[in-house]
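A short write-up of the structure that comes next.
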Amino acid sequence: MGPSSSTGVLVIKGGDNNNSSTEQTVPESEVENSGGGNSNTTRRGLRQGKTRYRGPCEKTNPIDKCWRCRKDWSNDRRRLAQCALGFGRKTTGGADGRLYVVTDNSDDDFLNPRPGTLRYAVIQREPLWIIFAHDMNIKLNKELIMAGNKTIDGRGANIHIAYGAGITIQFVSNVIIHGIHVHHVVPTSGGLIRDSVDHFGFRTQSDGDGISIFGSTNVWIDHVSMSNCTDGLIDAIQGSTAVTLSNCHFTHHNDVSAIFIVGDQFMQITVAYNHFGQGLVQRMPRCRWGFFHVVNNDYTHWRLYAIGGSKHPTIISQGNRFIAPPEKELKQVTNI
């Protein structure tokens with residue numbers, strides 16, 4: 001789907017799907033007006049090649065209004081856990097646990113990770129709110145498999161997960177990933193990898209997904225910048241549900257999915273307040289089965305299509321802005 005502009009609410013039901021879910025998504029009162037003039041007051045100000053904004057802090061959507069611009073945010077990091085909206089709104093991550101500070105960017109022991117590393121933090125049994133001591137470039141030599149009840153919070157530091165494996169959220173619940181950069185993720189060799197303090201197992205070669213959500217629930221990905229991953233930027237598959245993807249910036253990803261969502265009829269995912277920018281081709285998202293609320297996103301520069309569906313999904317496309325590329329064939333709306 002790729003019109004040059006979009007207003008109102010568009011409900012797409014593929015095939016004979018009769019999904020009548022009553023699960024609350026982003027409240028109607030919070031959906032932005034995508035018409036002309038100055039009515040679009042809460043849409044994120046995108047740089048579009050202009051000078052970086054240097055003015056006062058701006059709270060640009062209902063999620064950011066919950067925590068952004070608070071002078072004491074760094075003393076009350078766990079407040080973020082109250083801010084999720086959409087189907088992943090019950091996600092609290094590691095809010096019930098202690099702060100854990102990552103001090104070491106190395107990743108060289110996959111069975112007995114060194115304390116202070118990100119890998120050590122994410123496999124712990126207890127809830128943890130994981131933060132970083134300083135800016136870090138972390139090259140994961142094998143996929144990072146997270147345990148549940150964790151928050152990775154990159155605020156206050158410049159954190160890049162790059163030039164190695166990606167992050168896997170598999171058969172767990174209650175995970176928040178916020179404020180990091182994930183890019184240039186590549187397939188890495190398999191082997192024995194610990195996924196909790198009391199379990200490790202043999203993994204085959206990773207696919208090169210930036211973030212893989214597999215059979216998991218209550219997952220919130222927010223303010224994550226993603227580009228240049230070998231496979232998908234984000235894959236949410238195998239019945240993952242109660243997921244919100246929000247405030248993310250996706251760029252430079254060719255030929256394969258930007259966001260590929262595969263599930264079953266009970267899968268429920270919100271995609272809200274994201275910018276799908278330069279260098280993307282398709283699947284923003286591509287939905288199979290399930291129920292999807294795609295709301296208040298900004299789409300530019302797609303090369304094939306923006307939103308797609310198959311296998312009887314229900315997609316509510318609401319308040320999104322589409323700025324089509326100049327080619328006539330990329331401006332079409334099809335199969336509605």
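Among the residues making up segment 155-176, those that are closer than 27 Å to S189 by Cβ and out of contact with any Ser or Thr (no Cβ under 8 Å at 6 or more places or on another chain) are I159, H160, I161, A162, Y163. Annotation note: Cβ proximity below 7 Å between a residue of segment 216-240 that is closer than 20 Å to A81 by Cβ and a residue that is aromatic (F, W, Y) and surrounded by fewer than 24 Cβ atoms within 10 Å (Cβ to Cβ) (sequence gap 6+ or interchain) occurs for S216/F171; S240/F214.
At least 1 residues being touching a Pro at 6+ places or on another chain (Cβ under 7 Å) is the threshold, and among the strands (runs of 3 or more DSSP E) wholly inside segment 261-323 those reaching it are 268-272, 286-288, 291-295, 321-323. The condition of being β-branched (V, I, T) and either in contact with a helix residue (DSSP H, G or I) (Cβ under 7 Å, 6 or more places away or on another chain) or in contact (Cβ under 8 Å) with a residue 60 or more places away in the chain (or both) does not hold for I167. Only one of the numbered conditions (1) on the phi < 0 side of the Ramachandran plot; (2) in contact with a Ser or Thr (Cβ under 9 Å, 6 or more places away or on another chain) is not met by N149, and that is (1).
Do we have V172 as surrounded by 21 or more Cβ atoms within 10 Å (Cβ to Cβ), modelled with pLDDT of 95 or more and over 30 Å from Y299 (Cβ atoms) here? It is true that V172 is surrounded by 21 or more Cβ atoms within 10 Å (Cβ to Cβ), modelled with pLDDT of 95 or more and over 30 Å from Y299 (Cβ atoms). Apart from one condition, L245 fits all of (1) crowded, with 19+ Cβ neighbours inside 10 Å; (2) out of contact with any helix residue (DSSP H, G or I) (no Cβ under 9 Å at 6 or more places or on another chain); the exception is (2).
Conditions (1) among the basic types (K, R); (2) at pLDDT 95 or above; (3) assigned to a loop (DSSP other than H, G, I, E, B), marked per residue:
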position	(1), (2), (3)
R70	yes, no, yes
L80	no, yes, no
A84	no, yes, yes
L99	no, yes, no
S106	no, yes, yes
F110	no, yes, yes
R114	yes, yes, yes
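Restricting attention to segment 214-233 and to residues that are under 18 Å from K150 (Cα atoms) and under 10 Å from the mean Cα position of the chain (by Cα), the residue that is surrounded by the fewest Cβ atoms within 10 Å (Cβ to Cβ) turns out to be H223. Pairing each residue of segment 62-91 that is on the phi > 0 side of the Ramachandran plot with any residue that is crowded, with 19+ Cβ neighbours inside 10 Å and not in a helix (DSSP H, G or I), provided the two are 6+ apart or on different chains, yields C-beta distances under 7 Å for G86/T25; G86/V26; G86/T244; G86/T270; G86/A272; G86/H293.
Annotation: A258 fulfils all but one of (1) buried (at least 24 other Cβ atoms within 10 Å of the Cβ); (2) at pLDDT 90 or above; (3) on the phi < 0 side of the Ramachandran plot; the unmet one is (2).
The values are calculated or read from the model by the stated rules, or taken from the named source; none is laboratory data. All values reported here derive from a predicted model rather than from experimental measurement. Positions of Cβ are generated from backbone atoms using ideal geometry, with glycine treated the same way; all protein chains shown enter the neighbour counts.
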